[in-house]
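These notes concern the structure reproduced below.
The values are calculated or read from the model by the stated rules, or taken from the named source; none is laboratory data. Computed from a prediction, not measured in an experiment: that's the story for all the values here. Here Cβ is always computed from backbone atoms with ideal geometry, including for glycine, and neighbour counts include all displayed protein chains. In case anyone asks, the SASA skips ligands and DNA or RNA and just uses the protein heavy atoms, side chains included. Shrake-Rupley method; radii C 1.70, N 1.55, O 1.52, S 1.80 Å.
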Amino acid sequence: EFTFTIKKGSVAKPALDTTEFYFDNTVKTYTVENSEFYTVLDNSNQQTNPGSYKVRIALNNPEFSEWEDGTTDVLEYDFVINKGNYDMSAVVFENKTVTYNGSAFSLEATNLPDGVTVTYENNGKTAAGEYIVIAKFTGDTTNYNEIPDQTAVLTIEKATYNMSGVVFNGLTVIYDGNTYSLEA
């Protein structure tokens, strides 16, 4: 009489990619290959916000009693979501040339992404000259990287006086020691 035992097999530990995700306000799912042999615990592979997380994996197939190295431990792998970047490609912040008229002139950034605000340095100028205006953008710094400043040039050209229609009337006088002048 022979007795033989069929021992449950072992399975290789999953090889997980070190794929990096970037925040875009959607759920990121860290994909685990060959999931018929094990299961991801507590949906630990699904996250939304930036941060470093642990993906927890346990054996779940009754045909396998251990990992290839003989252990049965719950495995943990790193899962990283990096901060995202605001899409600033549609933002318009351009140079502008105007002629002095006594009013204050400013540059303005338009087409800002949702959640982004802007403040300016060296804007709202009246006198003729060339001014470098800095647009400083702010947004959600918990989930997004800081937004770089942008610069543009505001040029206020000198105005020219309109002398058309100015008439000087001639004046003829005989010297008598008094001061005389012409008026336009």
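If only residues of region 29-73 that are in a loop (DSSP other than H, G, I, E, B) and modelled with pLDDT of 85 or more are counted, the one that is farthest from D140 (Cα to Cα) is N45.
Taking each residue of region 93-104 that is under 10 Å from A128 (Cα atoms) and looking for partners that are open to solvent by 70 Å² or more (accessible area, probe 1.4 Å) and of a type outside the set (A, V, I, L, M) with beta-carbon atoms closer than 6 Å, six or more apart or interchain, yields T99/E157; Y100/K158. Does region 109-116 include one or more residues that are more than 29 Å from K83 (Cβ to Cβ) and either without any contact (Cβ under 8 Å) to a residue 24 or more places away in the chain or of a type in the set (S, T, Y) (or both)? Looking for residues that are more than 29 Å from K83 (Cβ to Cβ) and either without any contact (Cβ under 8 Å) to a residue 24 or more places away in the chain or of a type in the set (S, T, Y) (or both), one finds none in region 109-116, hence no. Taking the criterion of being surrounded by 15 or more Cβ atoms within 10 Å (Cβ to Cβ) and outside any loop (DSSP other than H, G, I, E, B), the residues of region 133-184 that qualify are V133, I134, A135, F137, Y144, Q150, A152, L154, T155, I156.
Applying the set (1) part of a strand (DSSP E or B); (2) open to solvent by 50 Å² or more (accessible area, probe 1.4 Å); (3) more than 30 Å from A159 (Cα to Cα) to T97 leaves exactly one unmet item: (3).
Taking the criterion of being surrounded by 10 or more Cβ atoms within 10 Å (Cβ to Cβ) and either of a type in the set (S, T, N, Q) or at pLDDT below 70 (or both), the residues of region 1-15 that qualify are K8, G9, S10. Scanning region 75-91 for residues that are out of contact with any Leu (no Cβ under 7 Å at 6 or more places or on another chain) and surrounded by 11 or more Cβ atoms within 10 Å (Cβ to Cβ) returns L75, E76, D78, F79, V80, I81, N82, K83, G84, N85, Y86, M88. If only residues of region 48-61 that are open to solvent by 50 Å² or more (accessible area, probe 1.4 Å) and of a type outside the set (G, A, S) are counted, the one that is farthest from I81 (Cα to Cα) is N60. In region 142-184, which residue that is modelled with pLDDT of 75 or more and aromatic (F, W, Y) is nearest to S103 (Cα to Cα)? It comes out as Y161.
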